[in-house]
1. Of all residues in the stretch 26-57, which are more than 29 Å from His97 (Cβ to Cβ) and either aliphatic (A, V, I, L, M) or more than 8 Å from the chain's Cα centre (by Cα) (or both)?
2. Can you pull out the residues in the stretch 16-50 that are in contact with a Cys (Cβ under 9 Å, 6 or more places away or on another chain) and either part of a helix (DSSP H, G or I) or under 15 Å from Thr77 (Cα atoms) (or both)?
3. Return yes when Leu75 is within 25 Å of the chain's Cα centre (by Cα), at pLDDT 90 or above and under 21 Å from Ile11 (Cβ atoms) and no when it is not.
4. Have a look at Thr48, Thr44, Thr66, Thr106 and point out the one that is touching a helix residue (DSSP H, G or I) at 6+ places or on another chain (Cβ under 9 Å), hydroxyl-bearing (Ser, Thr, Tyr) and closer than 28 Å to Phe6 by Cα.
5. Show the residue pairs that are 6+ apart or on different chains and have beta-carbon atoms under 8 Å apart, the first residue being within the stretch 65-93 and in contact (Cβ under 8 Å) with a residue 12 or more places away in the chain, the second being surrounded by 12 or more Cβ atoms within 10 Å (Cβ to Cβ) and of a type in the set (Phe, Trp, Tyr).
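The values are calculated or read from the model by the stated rules, or taken from the named source; none is laboratory data. Bear in mind the structure is a predicted one, so any value in this text is a computation, not a measurement. Glycine gets a Cβ as well: all are built from the backbone with ideal geometry, and neighbour counts include every protein chain shown.
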Amino acid sequence: MESLPFVAELIISALLVSGGFFSLVGALGLSRLPDFYARLHGPTKATTLGVGSVVIASMMYFTLKTGEVAIAEVLVTLFLFLTAPVSANILAKAAMHQQVKCMKDTRGQPWSQ
């Protein structure tokens, strides 16, 4: 079985490590941040970048290994980057309509004006 070029292995490894790091940061943000609006940033920002990095690493690996473009990974990445911001926006708007409370020192509450 033929191995990948060293540079490709290095890039794939860097994407996997950074993806794991950002996923961990997003999960910690989801569990540790104080209110709903702050918790939205964990899964929608850091975790999206982390999972995206892992999927891009998978796409690179299988494309280099088989010589064919990994269409499934391309579609998963596209779907992930399109739906995460939209779902976060919908969740934030729903929370605003339900008047979910913020932290005491939060600035800028447009729904209370």
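1. Ser53, Val54, Val55, Ile56, Ala57
2. Across the stretch 16-50, the qualifying residues are Phe36, Tyr37, Ala38.
3. So Leu75 fails the test.
4. Working: Thr44 fails: closer than 28 Å to Phe6 by Cα; Thr66 fails: touching a helix residue (DSSP H, G or I) at 6+ places or on another chain (Cβ under 9 Å); Thr106 fails: closer than 28 Å to Phe6 by Cα.
Only one candidate qualifies: Thr48.
5. Ala70/Phe62; Glu73/Phe62; Ala92/Tyr37
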